[in-house]
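Structure record follows, encoded as structure tokens.
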Amino acid sequence: MKKDKKISKKDNTLAMSIMVEQQPTVENTILPIDEDTSFDIIYDIYDGDKSQLYIKLQEKTALAPFFYNRSYNLEELHNLHKLFKICDSIEEVKEELKKYFDSKVIKLEYSKNKESVLMKIDVTLGVTKYTVDLELYKEMIPISQKDSTLMTLYGRQKAQLSALKDILELIDKEKNTNKDACKAILDIIKKKDIPGLELH
């Protein structure tokens, strides 16, 4: 008799990326990573063989074909840093994480190649300051979601193109009033080389 194939941690975490978002207990917050990009951060407990804390970062400022995520069980968190050893359950870890978000002691930082994002928790225990890094890995969206994502992206691009055309019409009307400002705006748009937007 064949043994059931064990599901890899990566496959299990990918399954969580879909299920956890739909849980009524899911927490959601927003953090910037730089001046141009911010992320929706969702996190919750996933109950499987072992209860795990699941964290997902989805770019808020653009529709990306990828996200960053990671899951941790209690033992992994205890081994990661003594900060988590004060927690006796994964539920307590989730409560502490919410406090850190509310206290604004968490920052986001890209790895060098942007294949991961560090969620950096800066805390003080007693008189000692610690930085705890939770590394979340880049994951492409599942094939089953690609069609709807592409259609959403298409709709957004059409709307943005329409808005740019409205801006160009306004510039054309105002070009005699403020030539320098209109020229500066046109130069910026020309540099972007946007398909479907022909500039003369």
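The values are calculated or read from the model by the stated rules, or taken from the named source; none is laboratory data. Since this is a predicted model, take the numbers as computed values, not measurements. FYI the Cβ positions are ideal-geometry reconstructions off the backbone, even for glycines, and counts take in every protein chain you see.
Numbers at a glance
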{"quantity": "Test: residue in region 42-49 that is within 14 Å of Asn12 (Cα to Cα), hydroxyl-bearing (Ser, Thr, Tyr) and without any contact (Cβ under 8 Å) to a residue 40 or more places away in the chain", "calculated": "yes"}
{"quantity": "Odd one out for Ser116, checked against (1) at pLDDT below 70; (2) in contact with a strand residue (DSSP E or B) (Cβ under 6 Å, 6 or more places away or on another chain); (3) among the small types (Gly, Ala, Ser)", "calculated": "(1)"}
{"quantity": "Residue check for Asn73: of a type in the set (S, T, N, Q), at pLDDT below 95 and loosely packed, with under 14 Cβ neighbours inside 10 Å", "calculated": "no"}
{"quantity": "Criterion violated by His200 - all others in (1) surrounded by 10 or more Cβ atoms within 10 Å (Cβ to Cβ); (2) of a type outside the set (D, E, K, R); (3) at pLDDT below 70 satisfied", "calculated": "(1)"}
{"quantity": "Among the candidates Ser51, Ser17, Ser111, residue that is among the polar types (S, T, N, Q), within 19 Å of the chain's Cα centre (by Cα), under 25 Å from Tyr130 (Cβ atoms) and modelled with pLDDT under 95", "calculated": "Ser111"}
{"quantity": "Residue count, region 80-103 (criterion: over 14 Å from Asn28 (Cα atoms) and surrounded by 12 or more Cβ atoms within 10 Å (Cβ to Cβ))", "calculated": "11"}
{"quantity": "Qualifying residue in region 74-89 (condition: more than 22 Å from Asp122 (Cβ to Cβ), more than 15 Å from the chain's Cα centre (by Cα) and among the β-branched types (Val, Ile, Thr))", "calculated": "no"}
{"quantity": "Filter result for Ser111 (of a type in the set (Gly, Ala, Ser) and without any contact (Cβ under 8 Å) to a residue 40 or more places away in the chain)", "calculated": "yes"}
